[in-house]
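A short write-up of the structure that comes next.
Read-outs throughout are calculated quantities, based only on the coordinates presented, and are distinct from any laboratory measurement. If you're wondering where the values come from, they're calculated on a predicted model, not measured in any experiment. Backbone-built Cβ (ideal geometry, glycine too); neighbour counts: all protein chains shown.
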Amino acid sequence: MLNKKSVDDINVKGKRVLVRCDFNVPLIDGKITDENRLVAALPTIKKLIADGGKVILCSHLGKPKGEPKPELSLAPVAVRLSELLGQEVKFAADPEVVGPNAKAAVEAMNDGDVILLENTRYRAEETKNGEAFSKELASLCEVFVNDAFGTAHRAHCSNVGVTKYVDTAVVGYLMEKEIAFLGNAVNNPTRPFVAILGGSKVSSKISVIENLLDKVDVLIIGGGMAYTFAKAEGGSVGKSLLEEDYCDYALKMKEKAAAKGVKLLLPVDNVVADAFSNDANTQVVKAGEIPEGWEGLDIGPETAKIFAEAVKEAKTVVWNGPMGCFEMPNFAAGTKAVAQALAETDAVTIIGGGDSAAAVNQLGYGDKMTHISTGGGASLEFLEGKELPGVAAANDK
Ligand code: AMP
């Protein structure tokens, strides 16, 4: 259970409430191409409107690197949010984020009104958790709500710094839901508990592997990470993604798994290509038998079967990271097979954001999963067992 105060523990009637959301959505030519994060933010916003708060929303979008970039303005988000909420979300256009325009817009608010501030990363201090911008944000409100799970692993002005200068800082419904699902899955799972890890590098997932080995019954490793394990066992991996420096670590993890009685499943075959291109020549070879000049870009069909079988027997599954270079259609079959296996099981299925969430949604399996996290990096750090600064900063219950 999350021991933090939430929007259910406060009275916001007539108060100015600053809500840090995660509206970091993909935009192409000003059009939002995936609005899951907007939809996920609605319950908290609706609750605050219903309670008579003056709702001031803020978020970052992309990486404007501390200066106004029109293509990364949150203006299109205000338009779409207005439609989703069925009420106007006034956009407080302001290159300083909390400048004269934003202050005037806040001043003019009535109870139940909603405004959206400009991209918080227009300000260079934001990602440095600087004092001045934190104070400016705090000056707009009497109550602060953090509902941005996607940035909870970062300590920035708009999710951590601001809390130092407001009396009341609580979490929103999305934050509660994310922590409840991920926390329950990892710390109180119905067993067998299977974790599936993929993606590019072993080095970026070390702490996750270590932490999960203490918790799971089965650990499945696919994606680019698997070639370091294959090489460590004396296999040939051609020009596949390889982190030589981590071969010893890979062997240690195998030993740790054995000592803990955790079944560690690695690929038994791979789809290999003679170039890093969707048009490359391909063949399926046994893992650790990749010919010189070829590289592994997906798990093979036999591996996909074994991984799917392990998922079938699970009662809880957590998945983070693709099984191959799924962005290229010819190397997406392994990731698709895992997504399908998760869609078909009755187990509790938690998708750890990022690429795996995108893959599941693209395949139309979104509503078949128990929970799809809105935060890739944040869910990964949660799986590492780390405390998330954005959550820690909220008032205790
Ligand atoms: P990560 O950010 O570590 O989760 O990695 C995601 C990226 O890993 C995706 O863009 C995939 O294309 C890439 N990836 C997955 N499998 C492989 C592979 N076998 N070789 C190279 N890149 C891969």
Below 8 Å, C-alpha to C-alpha, sequence gap of six or more: please give me the relative contact order for segment 45-171 in percent. 27
Low-density loop trypsin sites (Lys or Arg not before Pro), segment 54-122, at most 13 other Cβ within 10 Å, DSSP non-H/G/I/E/B, are Lys65
Starting at the first residue of segment 364-376, write each ³J(HN,Hα) from the Karplus equation 6.51 cos²θ - 1.76 cosθ + 1.60 with θ = phi - 60°, in whole Hz, x for Gly and Pro. x, 9, x, 7, 8, 9, 5, 7, 10, 5, 8, x, x
Which aspartates and glutamates have a Cα lying under 20 Å from the Cα of Lys305, excluding residues fewer than 8 positions away in the same chain? Asp217, Asp269, Glu289, Glu313, Glu344, Asp346
Tell me which residues come under 5 Å, amide H to amide H, from Gly130 once H is placed; ignore anything under 5 positions away on its chain. Cys157
With charges set only on the Cβ (+1 for Lys and Arg, -1 for Asp and Glu), what does the dipole of segment 134-202 come to about its Cα centre, in debye to the nearest 20? 380
Within the chain, helix-based [θ] at 222 nm, where runs of 4 or more DSSP H residues each add -39,500 (n - 2.57), nearest 500: -10000 deg cm²/dmol
List the residues, sorted by chain then number, that are 5 or more residues from Leu265 or on another chain and whose placed amide H is less than 5 Å from its amide H. Leu219, Ile220, Ile221
With +1 on the Cβ of every Lys and Arg and -1 on the Cβ of every Asp and Glu, and nothing else charged, how large is the dipole of the chain about its Cα centre, in debye rounded to the nearest 20? 820
Segment 7-14 - phi-based ³J(HN,Hα) in whole Hz, Karplus 6.51/-1.76/1.60, Gly and Pro as x: 4, 7, 9, 10, 10, 10, 3, x
Using each residue's phi in segment 165-171, evaluate 6.51 cos²θ - 1.76 cosθ + 1.60 at θ = phi - 60° and report the 3J(HN,Hα) Karplus result to the nearest Hz, with x for Gly and Pro. 10, 10, 6, 10, 10, 10, 9
